[in-house]
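First comes the structure, then the notes that go with it.
Any read-out appearing in this document is the output of simple, stated calculations on the displayed coordinates, not a laboratory observation. Note that the structure is a prediction, hence the values are computed from the model and not measured. Backbone-built Cβ (ideal geometry, glycine too); neighbour counts: all protein chains shown.
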Amino acid sequence: MDEQYDVIVLGTGLTECVLSGLLSVEGKKVLHMDQNDYYGGASASLNLTQLFRKFRGEEKAPEALGRDRDWNVDLIPKFMMANGELVKILTHTNVTRYLEFKQISGSFVYRDGKVSKVPSTEKEALTSPLVGLFEKRRLKKFLEFIRNYKPEAPVESPDLDLPNVPMSQVYKYFGLEEGTQDFVGHALALYLNDDYLEQPAIQTHKRIMLYTTSMARYGKSPYIYPLYGLGELPQGFARLSAIHGGTYMLDKKIDEVVYDESGKFVGVRSGDETVHAKVVIGDPSYFTNKVKKVGRVIRAICLLRHPIPNTDDVDSVQIVIPQNQVKRKHDIYVACVSASHNVCASDYFLAIVSTIAETDNPQEEIRPGLELLGEIEEQFVYVSDMQTPVEDGTKDNVFISKTYDATSHFASVCDDVKDIYKRVTGEDLVLKQRPTQEEEQEAMANA
Amino acid sequence: MADVSDNTALSGSPSVPMKPVQVKLVLLGEAAVGKSSLVLRFVNNEFQENKEPTIGAAFLTQKTRVEDKIIKFEIWDTAGQERFHSLAPMYYRNAQAAIVVYDVTRAASLDKAKSWVKELQRQANPNIVIALAGNKVDLVSDEDDDLHPDELDGDEEANEDGDDMPITRQVPAEEARAYADESGLLFFETSAKLGHGVQEVFNEIARKIPIDQMLMPSRSGRAGMPGSNRIDLNNDGQGIGGRGGSCAC
Ligand SMILES: Nc1nc2c(ncn2[C@@H]2O[C@H](COP(=O)(O)OP(=O)(O)OP(=O)(O)O)[C@@H](O)[C@H]2O)c(=O)[nH]1
Ligand SMILES: [Mg+2]
């Protein structure tokens, strides 16, 4: 193992695996290691044994839950936007060939103690029980405007000059009630708090468009989800890397990250072997002295024997509880998948309730989410620090990813990937379409 | 049992339903036992003497006809992740078939094969069809023309006794066959180099795959099956949910 690599990657979370895949495809010699004996790091999906080992120590999983192979329990709750950046990366690299996807069947929002479908089109706005009769017309007008807005075309009022007015002004123009603003900003634009109200409205426009175009793509919700759990995503990119020569070592103890006198990265020591590389990329857990804490997220992984009540008995759903509705500063999310996604034994449902912690008693903070679930069979609650690198890596050649945040989909993960890619290579990430399997095979046969 | 690599060759017989059934098949086994060589022989009917450890496509397809059905094998090769015990479970997830390969001249490679079989039986799809393939039989036989496993059984004593042979057989066929029988595996001895037994492995797997069960919409099929929520990211998907038209964004 005493070899020289271009890049050493520590941790097999999604961010690290996407980067490994992209860099290997470009011909970089990559060594990828993880201290865990499974893929995925903080974004893994665990089987029963791994799940109980992580949260319950010595306690074994109850026999009634069945076999290990039937369970792939996500640690972080995220869904993929059908039109989002991650889908673009997956299709361009052809990692899609290793995975299968399903729609998430419903997208719901909480208002005045009830959950209802999120209306995302003008037609739905007109029939939604979420808004009153007169508000329906206003919401329809607003959605119509959003859909038809073109940055280059003139607008009918200075209030609608989206790049230069705050979102609050646009809401005012259309006369949207506060409750409606809550669901537009939090269930369509998926903002976690209300800071966006005073930021340029164009950002909100972009986010609503992502939601509605994703929604239009497959129909039931804007979200899609990989069969066997989110942990398949890092594994898919790891395979891409391996196929292009990446070397993979799980269950590898990392004893020391080695630096030269000037503090620049030189290699990684495991036992009495040291491997060398020009740069290292890794998740925060490998660089505790080079990251800082920027907040905490609480997540409760819940095993249910029934669909979430009041969601039309769908097999999968996202519910957003906007902060205002429960007098908080951050939204609470509920994400639910089930046996039809091959993540748990038949007749089970897996729901994760999560939010950004605001108090010393975060368990109490997620209660409004837990109360939506009905009876809970098993619950695994954990609070984790959100960490971010202190420096950008240009000085020491150490490039550290951010902790997975509390957002509902993968936009921030993709931003982090692009950002690290640029810092490591000095160039913007440009996705090139990789040859398809048929093209590759053809080329092989003719070689 | 002709192997068919292009569609036109098949369209001649009108009574046959032409939609191929996709079968994910994975290869497992110790490094250098000949996994990639077996695939290359099956797919392209070629052999490379000093094949590099696998990098590259590691994902090939090939069609085979079984009775009135066409099976399209989607063949996954390991890409070297198993070298440091780091094969992703995704690899054998929902595979309908596996070929676990060992090298008849290396006893240790059979032990490794057995541990892969155990892993598959524990983690993979419970209905997976597993074939055990003892590869490189050309190295231990004088007889080049016909190496069907049944016939090999007969003459391998002679080979093993041949002290002057530079390479000797370390795994007797009966030993491996007995193990395969008791574990419910198909068993073949193969030579990717000479092409012996290779087609047979794939054909026998194709015959054993519970195709009718797979055609039931609830259980399987790849992305994009109507009626399920499955989607194909490489297709645009507009309108799959019957919605497309109502929002012109
Ligand atoms: N004599 C003989 N040599 C073979 C046979 N099959 C493969 N080889 C040789 O064995 C070596 C390894 O073959 P590969 O097909 O690369 O083996 P592999 O199992 O894919 O190896 P990894 O990808 O490294 O795990 C190559 O030099 C092949 O030419 C065979 O049937 N007979
Ligand atoms: Mg190989």
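Quick rundown of the values:
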item: Note, ³J(HN,Hα) from phi for segment B:198-211, Karplus 6.51, -1.76, 1.60, rounded to Hz, x at Gly and Pro; result: 5, 4, 4, 4, 5, 4, 5, 4, 4, 5, 7, 5, x, 4
item: GluC sites (Glu not before Pro) within segment A:1-74: DSSP coil, no more than 16 neighbouring Cβ in 10 Å; result: A:GLU3, A:GLU26, A:GLU58, A:GLU59
item: Value of Rg/Rh across segment A:1-157 [Cα atoms, Kirkwood radius]; result: 1.12
item: Proportion of all alpha-carbon pairs of segment A:319-372 beyond 19 Å (%); result: 34
item: Paramagnetic reach from A:HIS306 (point 7 Å along Cα→Cβ, amide N under 14 Å) across segment A:367-405; result: A:371-377
item: Amide proton proximity set for A:VAL9, modelled H, under 5 Å, gap of 5+; result: A:LEU31, A:HIS32, A:MET33, A:ILE281
item: Built amide H within the under 5 Å cut-off of A:SER270, gap 5+; result: A:ASP255, A:VAL275
item: Beta bridges per DSSP with both ends in segment A:1-149, % antiparallel, nearest 5; result: 60
item: Inter-label distance, nm, simple model (7 Å from Cα along the C-beta direction), A:ASP360/A:LYS123; result: 5.4
item: Long-range amide H partners of A:ASN94 with built H, under 5 Å; result: A:ARG434
item: Listed pairs A:LYS29/B:LYS72; A:LYS114/A:LYS220; A:LYS60/A:LYS292; A:LYS278/B:LYS24 exceeding 30 Å between Cα atoms; result: A:LYS29/B:LYS72; A:LYS60/A:LYS292; A:LYS278/B:LYS24
item: Considering only chain A, percent of DSSP beta bridges that pair antiparallel, nearest 5; result: 75
item: Karplus 3J(HN,Hα) series, Hz, for segment A:205-215 with 6.51 cos²θ - 1.76 cosθ + 1.60 (x for Gly, Pro); result: 4, 4, 6, 5, 4, 4, 4, 6, 6, 5, 4
item: Segment A:LEU429-A:VAL294, length gained on full extension (0.36 nm per residue, minus Cα span); result: 45.9 nm
item: Relative pair counts by distance (%), Cα atoms of the protein assembly as shown, 20 Å bins; result: 16, 46, 30, 7, 1
item: For A:31-40, mean number of other protein chain Cβ atoms within 10 Å; result: 2
item: Exposed trypsin sites (Lys or Arg not before Pro) absent: longest stretch of chain A, with sites in DSSP loops and at most 11 other Cβ within 10 Å deemed exposed; result: A:61-252
item: Table column - 3J(HN,Hα) (Hz), segment A:431-441, Karplus curve with 6.51, -1.76, 1.60, x for Gly and Pro; result: 7, 9, 5, 7, x, 6, 4, 4, 5, 4, 5
item: FRET efficiency for A:HIS276 and A:ASN446, using Cβ-Cβ distance with R0 set to 41 Å, rounded to 0.05; result: 0.60
item: Number of partner chain Cβ atoms within 10 Å, mean per residue of A:76-83; result: 1
item: Distance between segment A:327-347 and segment A:159-211 - C-alpha centres, whole angstrom; result: 26
item: Helical contribution to [θ] at 222 nm, DSSP H n ≥ 4, -39,500 (n - 2.57), averaged over chain A, rounded to 500; result: -8500 deg cm²/dmol
item: Sites matching GluC sites (Glu not before Pro) across segment A:156-258 that sit in DSSP coil, with at most 11 neighbouring C-beta atoms within 10 Å; result: A:GLU156
